[in-house]
Amino acid sequence: MKMKSIFKFSMALSLLAIMVACQPKQTSRNLGEGSSDAASRVYIAPGQMDEFYAFLSGGFSGQVSVYGLPSGRLMKVIPVFSVDAEKGYGFNEETKPLLQTSFGMVPWDDAHHPELSQTAGIPDGRWLFINGNNTPRIARIDLTTFETAEIIEIPNSGGNHSSPFTTENTEYVVAGTRFSVPFPQKDVPIGSFKENFKGALSFITVNPETGHMEVAFQVLLPAFSYDLAHSGKGKSHGWTFFTSYNTEQSNTLMEANASQFDKDFVAAVNWKKAEEYVKAGKAREIPASYFHNVYDDKTHMATSEEKKTVKVLIPSECPDMVYFLPTPKSPHGVDVDPTGEYIVGAGKLSADMAVHSFTKMLKAIENKAFETTIDGIPVLKYDEILAGMVSSGGLGPLHTEFDANGNAYTTFFISSEVVKWKVGTWEVMDRVPCYYSVGHLMIPGGDSKQPFGKYMLAMNKITKDRYLPTGPELNQSAQLYDISGDKMQLLLDFPTVGEPHYAQAIPAGLVQPKSKQYFSIAENNHPHVTKSEADSKVVRDGNIVRVYMTAIRSHFAPDNIEGIYVGDQVYFHVTNLEQDWDVPHGFAIQSSRNAELLIMPGQTETMFWAPDRPGVFPMYCTDFCSALHQEMQGYVRVSAKGSNVPLKWWVGNQQ
Ligand code: K7E
Ligand code: CUA
């Protein structure tokens with residue numbers, strides 16, 4: 001820490017250079033790679049703010065974490081698919097519906113790919129989408145509140161991995177199934193994979209005003225594993241590209257059996273054509289069950305709706321809608337360069353990386369240069385669509401992002417490095433090691449039409465000896481590189497929350513001015529809101545007791561309650577009356593089998609409590625809100641069932 005304060009002074013660099021030069025080689029603290037020069041470039045002085053917001057997926061944590069770049073400072077963890085006790089997410093009554101699915105409430109998921117909404121192909125800072133892989137879902141996070149605003153379940157899918165990857169104007173986010181499943185889902189022998197299983201690619205519309213999602217249609221493809229996707233841009237706007245593996249259609253020992261063929265496919269879906277078919281009534285409306293959950297900022301509640309049908313397009317009935325682009329070998333990522341011309345398929349078992357040309361693809365379609373047809377889907381001739389090969393010498397390519405200067409950056413998992421290459425000439429420009437086993441990488445705006453560039457973040461699966469050991473489980477981590485020069489330079493390591501698969505980053509100025517500070521109490525339409533302390537009350541209806549409670553620095557009203565009985569079902573509807581930034585109040589009561597509430601200014605949240613024994617139980621505010629926060633407390637008296645204690649509540653002397 002002492003080191004850091006030195007950097008406050010402008011002479012820091014030369015001073016440090018002298019110090020290092022004067023010291024013997026064996027220092028107690030090795031400054032490591034990049035050292036002083038790198039440190040100054042990621043150092044954000046206390047009180048200063050970062051240049052970018054970065055949103056990292058939490059992988060199996062089910063959450064999204066928000067970091068500042070270049071500092072790597074963690075600013076928030078946004079709960080999305082997993083319940084989060086810190087924020088009461090999925091514990092309070094208001095957010096529980098967000099986690100509803102056709103299987104009931106599913107309190108966890110595996111969150112992989114954050115994707116910012118775009119306007120004209122450029123991240124616009126309105127929303128962040130992310131897929132839930134395990135119980136197929138897509139979530140939308142509102143970037144004015146940094147909270148999950150909506151989750152939609154994806155029907156007829158098993159593992160929503162190639163998702164959400166928005167189109168140029170956020171017309172759609174997409175969802176391709178990683179595990180093909182019986183279509184429709186039913187009890188069949190697993191061995192009947194080839195006849196009964198299918199792979200659905202879903203297109204989900206996003207309302208340009210509200211952001212609300214709706215499954216517009218699904219395209220039914222053969223039972224392959226649809227791994228990743230990216231939507232076209234510029235000249236390829238109107239198409240979305242999905243990689244596939246297991247075109248062998250095996251259902252066991254996949255590590256060997258799904259690696260037999262020389263090439264698998266990139267499925268190119270012309271979604272504008274698909275829209276025409278839907279309009280022309282070509283879609284089959286089939287029964288389905290999936291949930292659509294929306295949080296409302298005025299009622300401060302989420303509601304769930306079950307959807308019962310979905311529109312499905314069958315490629316054999318809809319010519320010209322889907323093509324297969326042969327791509328070596330079990331491709332993982334598929335990435336489209338900023339011009340929209342080049343489609344990079346990262347064949348993870350292939351030495352070289354095939355880049356397809358969109359222009360050549362259109363020509364091959366026009367010339368009917370087809371190798372064969374699978375279930376009505378033409379397979380284009382590989383040689384006719386190939387733009388070039390990137391021979392990097394790297395092993396295990398996974399993902400590619402782009403900068404604004406015509407360069408691409410690809411991660412190699414096995415050789416644990418990022419390789420920079422020139423789009424168009426396919427020439428390798430630079431390579432840097434990652435510590436270790438890099439998966440995704442991210443450049444701010446690096447999958448958009450206009451990369452913001454400057455930094456590249458590598459997300460590593462294995463960290464081995466990079467941090468102090470923490471038992472058997474070691475953190476995953478991110479590494480920040482400066483890419484503004486010819487050579488990439490490692491600047492910073494920082495540990496992550498969960499396993500980040502992908503990330504997005506955006507200049508702070510596109511998000512920061514819209515950040516909400518509090519909710520208007522006047523506009524609070526929660527059905528159980530209490531808009532002033534005078535309105536606070538306790539209402540009994542049979543064994544259901546509703547406490548209409550307010551919170552303001554530094555007391556609850558009421559803060560004394562009597563006449564609650566064992567067996568009652570108590571709902572604390574707590575409204576935070578504050579109308580100021582950064583003044584949440586918390587709420588907790590002894591023995592509650594719930595998390596706390598964390599109520600933002602102007603918001604109402606509800607805790608359910610079922611007292612199981614007589615006594616007097618304390619409740620208190622959990623968030624240090626003022627000098628008298630510790631005094632923000634009260635009592636609830638619980639009496640035996642059938643006893644005669646009257647219902648009473650008060651604060652101060654107004655008993
Ligand atoms: Cu995008 Cu990790 Cu889900 Cu590759 S996946 S690493
Ligand atoms: Cu309210 Cu502490």
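The values are calculated or read from the model by the stated rules, or taken from the named source; none is laboratory data. Note that the structure is predicted; figures quoted are calculated from it, not measured. Heads up, the Cβs are rebuilt from the backbone with ideal geometry, glycines too, and the neighbour counts pull from every protein chain shown. Surface areas here come from the heavy atoms of the whole protein model, side chains and all, with no ligands, DNA or RNA. Shrake-Rupley method; radii C 1.70, N 1.55, O 1.52, S 1.80 Å.
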Exercise. Ordering VAL497, VAL206 by how much accessible area each has at a 1.4 Å probe, largest first, what is the list?
Worked result: VAL497, VAL206
Seminar exercise, completed: If amide H atoms are modeled at 1.01 Å from N in the peptide plane, then the residues at a separation of 5 or more from GLY347, or on another chain, having amide H under 5 Å from its own are LYS329, HIS332, ALA354
For this session: Using +1 at the Cβ of each Lys and Arg and -1 at the Cβ of each Asp and Glu in the stretch 222-368, identify which of ALA229, THR252, ILE365 lies farthest towards the dipole's positive end.
Result: ILE365
Exercise. What does the charge dipole of the stretch 114-170 about its Cα centre add up to, to the nearest 20 debye, if the Cβ of each Lys and Arg holds +1 and the Cβ of each Asp and Glu holds -1?
Worked result: 100 debye
Problem set entry | Distance (nanometres) between label positions extended 7 Å along Cα→Cβ at ILE414 and SER484 | 3.7 nm
Exercise. Which ³J(HN,Hα) values, rounded to whole Hz and listed in residue order, are derived for the stretch 91-99 from phi using the Karplus coefficients 6.51, -1.76 and 1.60 in 6.51 cos²θ - 1.76 cosθ + 1.60 with θ = phi - 60°, glycine and proline given as x?
Worked result: 9, 6, 5, 6, 9, 3, x, 5, 9
Exercise. What residue among VAL545, TYR43, GLY485 has its Cα farthest toward the positive end of the dipole of the chain, where the charges are +1 on Lys, Arg and -1 on Asp, Glu, each on the Cβ?
Worked result: TYR43
Seminar exercise, completed: Under the rule rounded for a/c under 1.5, else prolate if a/b exceeds b/c, else oblate, using alpha carbon gyration tensor axes a ≥ b ≥ c, the stretch 383-518 is classed as oblate
Exercise. In square angstrom, what is the accessible area per residue of the stretch 533-650 with a 1.4 angstrom probe?
Worked result: 44 Å²
Problem set entry | Label point 7 Å beyond Cα of THR359 along Cβ direction - residues of the stretch 408-442 with amide nitrogen under 17 Å | 423-426
Problem set entry | Calculated Rg and Dmax of the stretch 523-654 using C-alpha coordinates, Å | 13.9, 45
Seminar exercise, completed: Which residues qualify? For HIS112, with a placed amide H closer than 5 Å and at least 5 residues away or on another chain, they are ASN131, ASN133
For this session: Would you mind telling me the antiparallel percentage of the DSSP bridges in the chain, rounded to 5?
Result: 90 percent
Exercise. Heavy-atom accessible area of HIS629 with all protein chains present, probe 1.4 Å, nearest 10 Å²?
Worked result: 10 Å²
For this session: Give the distance, in whole Å, between the Cα centre of the stretch 548-587 and the Cα centre of the stretch 303-336.
Result: 49 Å
Exercise. Hey, got the dipole for the stretch 29-514? About the Cα centre, +1 on K and R Cβ, -1 on D and E Cβ, debye to the nearest 20?
Worked result: 340 debye
Seminar exercise, completed: With the 8 Å Cα cutoff and a minimum separation of six or more residues, the stretch 376-528 has a relative contact order in percent of 16 percent
For this session: Can you figure out the FRET efficiency of GLU427 with ASP187, using R₀ = 56 Å and their beta-carbon distance, to the nearest 0.05?
Result: 0.55
Exercise. Under 5 Å between amide H atoms, partner at least 5 residues away or on a different chain: which partners does GLU499 have, H built in plane at 1.01 Å?
Worked result: GLY59, PHE60, SER61
Exercise. Got a number for the accessible area of LYS308? Probe 1.4 Å, square angstrom, nearest 10.
Worked result: 130 Å²
For this session: Give the ranking of THR622, THR243 by solvent-accessible surface, highest area first, calculated with a 1.4 Å probe.
Result: THR622, THR243
Seminar exercise, completed: In the stretch 486-585 the DSSP beta bridges are antiparallel at a rate, in percent to nearest 5, of 50 percent
Exercise. At a probe radius of 1.4 Å, what is the per-residue accessible area of SER357, in Å² to the nearest 10?
Worked result: 10 Å²
Exercise. Got the relative contact order for the stretch 29-514 handy, in percent, Cα pairs under 8 Å and 6 or more residues apart?
Worked result: 13 percent
Problem set entry | Stokes-Einstein diffusion coefficient of the stretch 29-514, Kirkwood radius over Cα pairs, 37 °C, 0.692 mPa s, in µm²/s | 146 µm²/s
Seminar exercise, completed: Whole-percent carbon and sulfur contribution to the accessible surface of the stretch 533-650 (1.4 Å, no ligands, DNA or RNA) stands at 51 percent
Problem set entry | Most to least accessible of PHE103, PHE183 (protein chains only, probe 1.4 Å) | PHE103, PHE183
For this session: Quick one: of LYS76/LYS311; LYS272/LYS420; LYS96/LYS537; LYS263/LYS308; LYS282/LYS449, which pairs are farther than 27 Å apart, Cα to Cα?
Result: LYS76/LYS311; LYS272/LYS420; LYS263/LYS308; LYS282/LYS449
